[in-house]
1. Tell me which of these B:Val137 doesn't satisfy, since it passes every other one: (1) in a helix (DSSP H, G or I); (2) more than 7 Å from chain A (Cβ to nearest Cβ); (3) of a type outside the set (Ser, Thr, Tyr).
2. What are the pairs with Cβ atoms under 6 angstrom where one residue, in region B:63-86, is in contact (Cβ under 8 Å) with a residue 60 or more places away in the chain and the other, located anywhere, is among the aromatic types (Phe, Trp, Tyr) and crowded, with 21+ Cβ neighbours inside 10 Å? Sequence gap at least six, or different chains.
3. Exactly one condition in (1) in contact with a Pro (Cβ under 9 Å, 6 or more places away or on another chain); (2) closer than 30 Å to A:Gly4 by Cα is false for B:Met111; which is it?
4. Do any strands (runs of 3 or more DSSP E) entirely within chain A hold 1 or more residues that are aliphatic (A, V, I, L, M) and surrounded by fewer than 19 Cβ atoms within 10 Å (Cβ to Cβ), and if so, which?
5. So which residues in region A:12-49 are at the interface with another protein chain (Cβ under 7 Å from one of its Cβ atoms) and under 22 Å from B:Asp49 (Cβ atoms), if there are any at all?
6. Quick one: would you say B:Glu70 is modelled with pLDDT of 90 or more, part of a loop (DSSP other than H, G, I, E, B) and surrounded by 14 or more Cβ atoms within 10 Å (Cβ to Cβ)?
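The values are calculated or read from the model by the stated rules, or taken from the named source; none is laboratory data. Note that this is a predicted model, so its numbers are computed, not measured. Quick reminder, even Gly has a Cβ in these numbers, built from the backbone with ideal geometry, and neighbours come from all protein chains shown.
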Amino acid sequence: MTYGLAFTDDARATLRALDPWLQEEALDEIDRVAAAPQNLRPRRGASVVVHDFIRQGGGLWHYVFVELRADDASQTVEVVKVGHYARP
Amino acid sequence: MTGISLFDRLADDPSRRGEGVAPDLTLSLADQMMAAALAGVRMLRRCEDMLFPPEGDAAALATAEVLHAEFCRWADDADAVLERAARLEAAGARVAGFAELRHAVGRTRAMLQITPRQHLEALAQVRRGEVHTLEEVRRDLRLGVHG
């Protein structure tokens, strides 16, 4: 089952601040994870599921951290927040 | 982080010069600090879900803020260990767990960009329907690149 993606303003703003190549990588990764919404059920007491990935580019390691949540009623995977950190 | 000051003393001790850049004791200390830092983050990660509380739960938010601060302290301590280990690695020594700790710090610092209150504000955006489709975001990002 394919769910649509819904990005908050905050998530969109963080993505906008990334380098273009990393924006594409991040969107592709989020799209890939969202393809299995059954894995995006928060554990008891949690409000979201977290996913992270690492990419290397421009002489830096880029760490991207994403908060996600599947909403079965609207068949949407919500991208709640995105965090990014880069270091040599 | 326990051991940092001792490491700095041993590394700078003039009486130990001539033993090589990474004498056994200094390297052993770095290995143990590395292992301790990795054990620390494993412990904190078991509680990671608590960083992202549901809306309307003041007690959960307070816990999340304490945990966020704990992760911040851990990342600062771990960076101090990495800085010392990097010196040894630059001198040709191999410090066990160096790459693993570097990635653990990177991941943690990416996670820490999101505070518990920012997380709650983003959940509120979802609740208010203030969200954008993938197509809208892709279009917005393209405009950002070219505009």
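1. Condition not satisfied by B:Val137: (2).
2. Between residues of region B:63-86 that are in contact (Cβ under 8 Å) with a residue 60 or more places away in the chain and residues that are among the aromatic types (Phe, Trp, Tyr) and crowded, with 21+ Cβ neighbours inside 10 Å, the close pairs are B:Arg84/B:Phe7.
3. It is condition (1) that B:Met111 fails.
4. Fully inside chain A and qualifying: A:49-57, A:60-71.
5. Within region A:12-49, A:Arg43, A:Gly45, A:Ala46, A:Ser47, A:Val48 meet the criteria.
6. Answer is no for this residue.
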